[in-house]
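Participant: Quick one: structure below, then a few questions.
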Amino acid sequence: MDKSTRKPGIIKRIWQWWRRPSRLALGTLLLIGFAGGIIFWGGFNTGMEMTNREEFCIGCHEMRANVYEEYMQTVHYNNRSGVRATCPDCHVPHEWGPKILRKIQASKELYAKAFGLIDTPQKFDDHRLAMAQNEWRRMKNNNSQECRNCHNFDFMDFTAQKTVAAKMHDKAVKDGQTCVDCHKGIAHKLPDMSEVKNGF
C-alpha cells in the first residue's frame with residue numbers, strides 16, 4: 001500500500017476533526033471548557049476550604065506554640081454555650097471577594113515563616129506589636145466584619161447587659177465605633193504598648 005492511499009493515523013484524524021470548523025466541534029469545545037471550569041472551580045474551592053481550617057492555621061509551630069496557646073485560655077475557645085470561634089472565624093472574612101483578598105495578604109505571613117522572622121518565642125514577641133497593629137487596622141477598615149458575624153449591635157439587647165457594657169455599646173453605636181476600637185486582646189495576649197501613643 002503506497003503512502004497516498006494509506007489512512008492517516010488516529011492522532012492526525014483527531015487533529016483534522018478538531019481543526020475543521022463545525023457546530024459539533026464548537027459544541028465539543030464549549031462542553032470541554034464547561035467541564036474544565038467545573039473541575040478547576042471545585043479544586044480551587046476545595047483548596048480554599050482546606051486552608052480555612054483551624055488545623056491548617058496551627059500547622060506551623062509559630063502559631064501553635066504562641067497565639068493558639070493563648071486562644072485556648074479564652075471564652076472564644078471554651079465557654080458555657082459550647083460555641084467556638086476558630087482561627088478563620090476571626091481572621092478570614094466569610095464573603096468570597098474579601099476572603100480571596102485576605103488569602104493574598106496572608107502570603108506575607110508565609111514569607112515570615114519561610115525566612116524565620118518569627119520562628120522563636122522571642123522573635124514572635126518582638127514582632128507581636130506590628131502583627132497586632134496590622135490585624136487591628138484590617139479589622140477597623142472592614143468594620144470588624146468577622147466579629148459582626150456573631151456579635152452585632154443591631155441584635156444586642158442592651159437591657160440584658162451589665163450597666164457598663166450597655167453604656168459603652170450604646171456610645172460605640174452613637175460614635176460609629178467598631179468592635180476592635182475597644183476589644184483588643186480578647187483572644188490573644190496584648191503586645192507591649194508602652195511606647196505607643198494612647199497605648200496602655
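The values are calculated or read from the model by the stated rules, or taken from the named source; none is laboratory data. This structure is a prediction, so every number in the text was calculated from the model and none was measured. Backbone-built Cβ (ideal geometry, glycine too); neighbour counts: all protein chains shown. Keep in mind that these areas ignore ligands, DNA and RNA; they rest on the heavy atoms of the full protein, side chains included. Shrake-Rupley method; radii C 1.70, N 1.55, O 1.52, S 1.80 Å.
Participant: Of the residues ASP181, ASP154, only one is open to solvent by 40 Å² or more (accessible area, probe 1.4 Å) and closer than 17 Å to CYS90 by Cα; which? Steps first, answer last, please.
Facilitator: Working: ASP154 fails: closer than 17 Å to CYS90 by Cα.
None of the other options fit; the residue is ASP181.
Participant: Spot the failing condition for GLU146; the list is (1) exposed (fewer than 11 other Cβ atoms within 10 Å of the Cβ); (2) touching a Cys at 6+ places or on another chain (Cβ under 7 Å), and only one is missed.
Facilitator: The single condition GLU146 does not satisfy is (1).
Participant: Follow-up question, since we're still on this one. Take segment 39-64 and flag every residue that is among the hydrophobic types (A, V, I, L, M, F, W, C) and over 17 Å from LEU110 (Cα atoms). Step through it out loud before you land on a result.
Facilitator: Our first condition is that a residue be among the hydrophobic types (A, V, I, L, M, F, W, C); within segment 39-64, this holds for 39-41, 44, 48, 50, 56-58, 60, 63.
Selection gives ILE39, PHE40, TRP41, PHE44.
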